[in-house]
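The structure appears right after this line, and notes come after that.
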Amino acid sequence: MPKRLVTYDDLTSFGIEFSKPTIWKKEREGEFPKRIRPTPKSVAWLEDEIVAFRENQIERAIAQRDAAYSLPVPKSPGRPKMAVRKPEAVP
């Protein structure tokens, strides 16, 4: 089965809206799939790798959301109490 290629313009259909410089940076840091050059003047990514990247992003977002909702909610200290003056003793 032939591999399908995804161009930069096609990335938005996968929910990926990074700028070109951001993609280059993420590729260098190993945080985004590596591009290939189908022709000397074009770049693309393998669809399988883009889909796996996006699924990983979604799983991490869900895990972060679940972790945030599982934290205990701090108890409100309530309303601050007013200082009460004791009446002075009358001689």
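The values are calculated or read from the model by the stated rules, or taken from the named source; none is laboratory data. Predicted model, so just to flag it, every value in this text is computed and none were measured. Reconstructed Cβ throughout: ideal geometry from the backbone, glycine too, with neighbour counts over all protein chains shown.
Might you check whether a residue that is outside any helix (DSSP H, G or I), in contact with a helix residue (DSSP H, G or I) (Cβ under 7 Å, 6 or more places away or on another chain) and either surrounded by 13 or more Cβ atoms within 10 Å (Cβ to Cβ) or modelled with pLDDT of 95 or more (or both) occurs anywhere in the stretch 48-69?
No, the stretch 48-69 contains no residue that is outside any helix (DSSP H, G or I), in contact with a helix residue (DSSP H, G or I) (Cβ under 7 Å, 6 or more places away or on another chain) and either surrounded by 13 or more Cβ atoms within 10 Å (Cβ to Cβ) or modelled with pLDDT of 95 or more (or both).
Give me the pairs, please: first residue somewhere in the stretch 1-27 and part of a helix (DSSP H, G or I), second residue anywhere and aromatic (F, W, Y), beta-carbon distance under 6 Å, and either six or more positions apart or on two chains.
Listed pairs, sorted by first residue: I23/F32; K26/F32.
Scanning for something more than 28 Å from the chain's Cα centre (by Cα) and either basic (K, R) or at positive phi (or both), does the stretch 38-50 turn up at least one residue?
yes
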